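The values are calculated or read from the model by the stated rules, or taken from the named source; none is laboratory data. These figures come from a predicted structure and were not determined experimentally. Glycine gets a Cβ as well: all are built from the backbone with ideal geometry, and neighbour counts include every protein chain shown. Surface areas here come from the heavy atoms of the whole protein model, side chains and all, with no ligands, DNA or RNA. Shrake-Rupley method; radii C 1.70, N 1.55, O 1.52, S 1.80 Å.
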Amino acid sequence: MGYHGWQGNPPRTEDEARRRIVDAATACLDRVGLAKTSLSDIAAEAGVTRQTVYRYFPRLPDILSAVAIAGVEAFAERMERHLATFGSPAEVAVESVLFSLQAVPSEPHLGLLLEAGEGDIFTGAVTSPQSFALGARILQNVPVDWAAAGVSTDEDFLGLAEILMRLFLSFLQYPSYHDDELRALVGRWLGPALRG
């Protein structure tokens, strides 16, 4: 690993180098926003050249994806806390879609790809196996009687997470309902499947 710069403190591994560039990008984005953040700004924040940044992240959307992924755990914790206030699997499923629609576009890091006009990359990230696994984990952590709703295996949770995430994407890309209307629509068609 050729490390030039790094403010006199070179990273020990490739993973650490990537993490430090992501941290630098996050700091820039938090300070001045997406419109005023360039690869040069990120390089300066990390104490490296632009070529070093390009080595790890060939394009700005690649960095934005990494920043979004770094913010996923905090989002997942907030979502779990919110969903834990509902008493049935059907309510949890419906509210997971609504929570995502309300929260993701305004999340300082998760909404970056949408703000940058990188909808295809965002869609690919949301429909990835990693995202489905995260969604399944969130659902499994919500204390409702999933077994009574016919959801008991890892495969069941993955399937439910995939359906919910695809619903979220559809309504995000083509918004046409207010919250109460959307809650009623999703509850009407998804609810019966989760009432056992």
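Quick rundown of the values:
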read-out	value
On Cα atoms only, tilt of 60-70 relative to the major axis of the chain in degrees	60 degrees
Surrounding net charge for residue 129, when Lys and Arg each add one and Asp and Glu each subtract one, Cβ distance under 15 Å	-1
Spherically averaged projected area in nm², based on the convex hull that wraps the Cα atoms of the range 80-196	6.9 nm²
Rounded tilt (10° steps) of 154-173 against the dominant C-alpha axis of the chain	70 degrees
Euclidean distance between Cα centres, the range 10-65 to the range 157-196, Å	36 Å
Heavy-atom surface of the chain, accessible at 1.4 Å and reported per residue (Å²)	53 Å²
With Cα atoms, 0 to 90° folded angle of helix 89-103 axis to the chain main axis	30 degrees
Directionally averaged projected area (convex hull, Cα atoms, the range 1-72), nm²	4.4 nm²
Protein-only accessible surface order, largest first, of 14, 181, 155 at 1.4 Å	155, 181, 14
Three-way shape label, the range 148-191, alpha-carbon gyration tensor, a/c 1.5	oblate
Coil-residue trypsin sites (Lys or Arg not before Pro) of the range 147-192, DSSP, other Cβ within 10 Å capped at 12	none
Calculated Rg and Dmax of the Cα atoms in Å (choose from (i) 19.4, 61; (ii) 16.8, 52; (iii) 16.3, 49), label	(i)
Candidates per chymotrypsin sites (Phe, Trp or Tyr not before Pro) in the range 118-196, loop by DSSP, up to 16 other Cβ within 10 Å	177
Value at 222 nm in deg cm²/dmol, rounded to 500, when DSSP H runs of n ≥ 4 in the chain each add -39,500 (n - 2.57)	-20500 deg cm²/dmol
Cα→Cβ-extended label distance, 7 Å offset, between residue 184 and residue 9, nm	5.6 nm
